[in-house]
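Structure first, then comments.
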Amino acid sequence: MFDFRLAVAENIANQTELEIDAISALIEIPPKEDMGDYAFPCFRLAKELKKNPAQIAFEISENLNQNSPQWLKKTEAVGPYLNFYLNRGYYASIVLETILSELDSYGKSQIGQQRNVIVEYSSPNIAKPFHVGHAYTTILGQAIANIYEALGFNIIRMNHLGDYGTQFGKLIIAWRLWGDEAALAKEPIAELTRVYVKFHSVLKEQPELEDQAREAFRLLENKEPAEVELWQKFRDYSLLEFNRLYERMGIDFDNYNGESFYSDLIPEVVEMLEAKGLLQESEGAQIVDLEEFDLNPCIILKSDGTTIYASRDIAAILYRDRTYDYYKNIYVVGLPQTNHFQQVFAVLKKTGFAKADQNIHVGFGSVKFKDGDFSTRKGNIILLEDLLDQSVAKTKDIIANNNPDMSQAEIEQTAETVGLAAVKYTYLKNGRERDIVFDWDEMLDFEGDTAPYLMYTYARAKSILQKANFVSTEQNNLDFSLLTDADEFGLIKNMYQYPEALIQAAEEFEPSILLRKISQLARNFNRFYHNTSILKTEDAALRQARLGLVFAVSVVIKNGLKLVGINPVERM
């Protein structure tokens with residue numbers, strides 16, 4: 001698509017000695033529409049041209065207005081600023097013809113050049129319930145993976161299962177003491193959670209259980225058959241539960257290698273660190289000193305010889321580099337793990353690992369409800385499935401009330417789609433480092449910053465098109481140069497900026513950037529809908545052009561929502 005910002009930069013460059021890239025970096029978007037569509041501050045040119053910035057702006061403006069390109073309506077000098085006003089009809093034609101020709105591909109690109117990007121997300125702990133905290137990494141990670149894929153990267157979606165560590169020693173001991181096979185067969189996760197919670201509740205009275213758990217994990221690491229059999233049972237039951245939830249949410253993975261997979265690779269890590277003289281002994285443990293990075297030492301092996309998260313993550317990085325030759329290795333893991341990843345990446349940097357800086361921790365906040373936090377150990381968790389069910393049930397009531405003629409089957413289907421979307425959007429709409437506080441009235445508000453609002457806007461657009469019997473194949477008969485009103489132009493600018501928002505969302509690992517653009521588009525569309533006659537437009541050519549605009553809006557909203565895992569519906 002025609003790059004208007006670049007065109008502005010090229011026209012300025014033709015009258016100065018500055019490079020186009022340097023000019024483009026200085027171009028601004030004015031805060032008010034009456035100040036133009038692009039603005040260039042001429043301060044940078046004052047030294048080069050030995051003139052007052054205001055004089056420079058005036059002279060360039062005069063020259064451009066005398067030789068104005070087709071895309072430019074006019075330029076104005078306002079003090080030291082050079083303001084550019086686009087030819088709205090030309091702009092509308094370029095943007096809308098591009099959208100209607102590219103459709104589902106609009107916004108996508110090949111800037112990734114099929115380079116491999118690993119995105120690790122979800123990564124729940126085996127034998128523990130999938131609670132609302134796990135949903136953050138799961139929903140955020142899938143959105144980031146989708147966004148990178150849309151930009152032409154080859155994505156490897158990794159679910160690094162928490163299927164190893166001392167907690168499995170605790171679970172093995174707890175199961176042997178209090179496990180119930182019948183309960184396990186009926187509700188496996190609930191039963192495993194029960195015994196795990198009980199282990200911690202009796203620990204003060206029976207502190208010897210801690211030593212027994214450590215020994216059980218040591219036997220598991222040594223691959224003793226009895227411990228491995230129990231561990232495998234816990235893993236298999238848990239994956240059945242997780243996959244059922246993933247399928248419901250439309251979440252998928254390419255790889256389920258958990259922590260256990262990398263355990264056998266630890267000797268390689270130890271040998272590498274020893275060979276480079278980085279391993280030190282500290283109170284019986286093997287560590288790497290990270291004082292130069294202002295970090296605490298990174299434990300590689302504990303005093304009893306067992307592995308730890310850090311050693312397994314280092315092993316995983318070495319394996320991923322060999323297997324995938326990755327361009328980026330992205331960890332979508334909560335902010336409390338920041339120090340852990342800083343240590344792991346610092347150890348790799350000390351070894352001289354070439355891709356140490358290509359490992360990225362994408363942190364996020366916590367999930368809260370009005371009655372406080374939750375914890376597996378305390379047993380006061382909120383299950384994700386319960387949250388989804390509640391959202392769907394509340395949505396079902398709203399849709400049934402709003403659509404008395406809708407069939408029960410359609411109500412059920414729509415409520416499931418919109419209810420899940422409402423939850424996903426709540427996790428993604430704000431900056432990822434902010435905590436989430438769930439509020440049902442807020443997240444299901446059809447007029448607020450919510451998934452239902454965006455989906456309702458999409459459904460409204462589709463309804464207009466249906467009433468007009470408009471189909472996209474009519475685009476060749478449309479004269480988009482007629483769309484010059486302020487509301488129309490604002491909508492088109494929103495859609496022109498969508499590909500740029502997609503790239504920025506990838507660069508900052510922030511799906512909220514993309515969603516803000518979609519939300520802005522939806523609000524501007526609803527203002528356009530209320531202020532402008534569409535179906536009753538008397539001029540036939542203008543009516544068709546406006547319908548083409550409505551169609552383009554529906555395309556862009558759908559594209560943006562699908563990238564974050566939300567499937568819009570055509571009726572609500």
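Any residue at all in the range 302-318 that's among the polar types (S, T, N, Q) and free of Cβ contacts under 8 Å to residues at least 24 places away in the same chain?
Start the filter on the range 302-318 by keeping residues that are among the polar types (S, T, N, Q), which leaves 303, 306-307, 311.
If we keep only those that are free of Cβ contacts under 8 Å to residues at least 24 places away in the same chain as well, we get 303.
Within the range 302-318, one or more residues are among the polar types (S, T, N, Q) and free of Cβ contacts under 8 Å to residues at least 24 places away in the same chain.
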Next on the checklist: Of everything in the range 201-227, what is over 13 Å from residue 166 (Cα atoms) and surrounded by 15 or more Cβ atoms within 10 Å (Cβ to Cβ)? Give them in sequence order.
Outcome noted: 203
Checklist entry - For residues in the range 525-540 being touching a helix residue (DSSP H, G or I) at 6+ places or on another chain (Cβ under 7 Å) and part of a loop (DSSP other than H, G, I, E, B), which is surrounded by the most Cβ atoms within 10 Å (Cβ to Cβ)? => result 534
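Determine, yes or no, whether residue 510 is among the acidic types (Asp, Glu) and touching a residue at least 40 places away in the same chain (Cβ under 8 Å). Reasoning before the result, please.
Details: among the acidic types (Asp, Glu): yes; touching a residue at least 40 places away in the same chain (Cβ under 8 Å): yes.
So residue 510 passes the test.
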Item to check | Residue check for residue 557: in a helix (DSSP H, G or I) and closer than 30 Å to residue 142 by Cα | outcome: yes
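Each row is one residue, and each column tells you yes or no for (1) closer than 29 Å to residue 41 by Cβ; (2) out of contact with any strand residue (DSSP E or B) (no Cβ under 8 Å at 6 or more places or on another chain); (3) touching a residue at least 24 places away in the same chain (Cβ under 8 Å); (4) of a type in the set (Lys, Arg).
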| residue | (1), (2), (3), (4) |
| --- | --- |
| 70 | yes, yes, no, no |
| 80 | yes, no, yes, no |
| 85 | yes, no, yes, no |
| 91 | yes, yes, yes, no |
| 97 | no, yes, yes, no |
| 107 | no, yes, yes, no |
| 115 | no, no, yes, yes |
| 126 | no, no, yes, no |
Item to check | Check on residue 171, under 25 Å from residue 304 (Cα atoms), in contact (Cβ under 8 Å) with a residue 24 or more places away in the chain, part of a helix (DSSP H, G or I) and of a type outside the set (D, E, K, R) | outcome: yes
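Working only within the range 556-572, note down all residues that are among the aliphatic types (A, V, I, L, M) and crowded, with 22+ Cβ neighbours inside 10 Å.
Filtering the range 556-572 for residues among the aliphatic types (A, V, I, L, M) gives 556-557, 561, 563-564, 566, 569, 572.
Within the range 556-572, 556, 557, 561, 563, 564, 566, 572 meet the criteria.
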Next on the checklist: Step by step: first the residues of the range 76-86, then only those that are under 39 Å from the mean Cα position of the chain (by Cα) and within 21 Å of residue 54 (Cβ to Cβ), then the one that is surrounded by the most Cβ atoms within 10 Å (Cβ to Cβ). Which residue is that?
Outcome noted: 82
Next on the checklist: Looking at the structure I just gave you, is residue 404 of a type outside the set (D, E, K, R), in contact with a Phe, Trp or Tyr (Cβ under 6 Å, 6 or more places away or on another chain) and more than 21 Å from residue 137 (Cβ to Cβ)?
Outcome noted: no
Checklist entry - Picking from 351, 306, which residue would you name as being farther than 30 Å from residue 112 by Cα and β-branched (Val, Ile, Thr)? => result 306
Checklist entry - Does residue 107 satisfy the criteria of being under 22 Å from residue 8 (Cβ atoms), surrounded by 22 or more Cβ atoms within 10 Å (Cβ to Cβ) and modelled with pLDDT of 95 or more? => result yes
Checklist entry - Among the residues of the range 476-498, how many are part of a helix (DSSP H, G or I) and under 34 Å from the mean Cα position of the chain (by Cα)? => result 13
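The values are calculated or read from the model by the stated rules, or taken from the named source; none is laboratory data. Owing to the predicted nature of the structure, the values given are computational and were not obtained by experimental measurement. Positions of Cβ are generated from backbone atoms using ideal geometry, with glycine treated the same way; all protein chains shown enter the neighbour counts.
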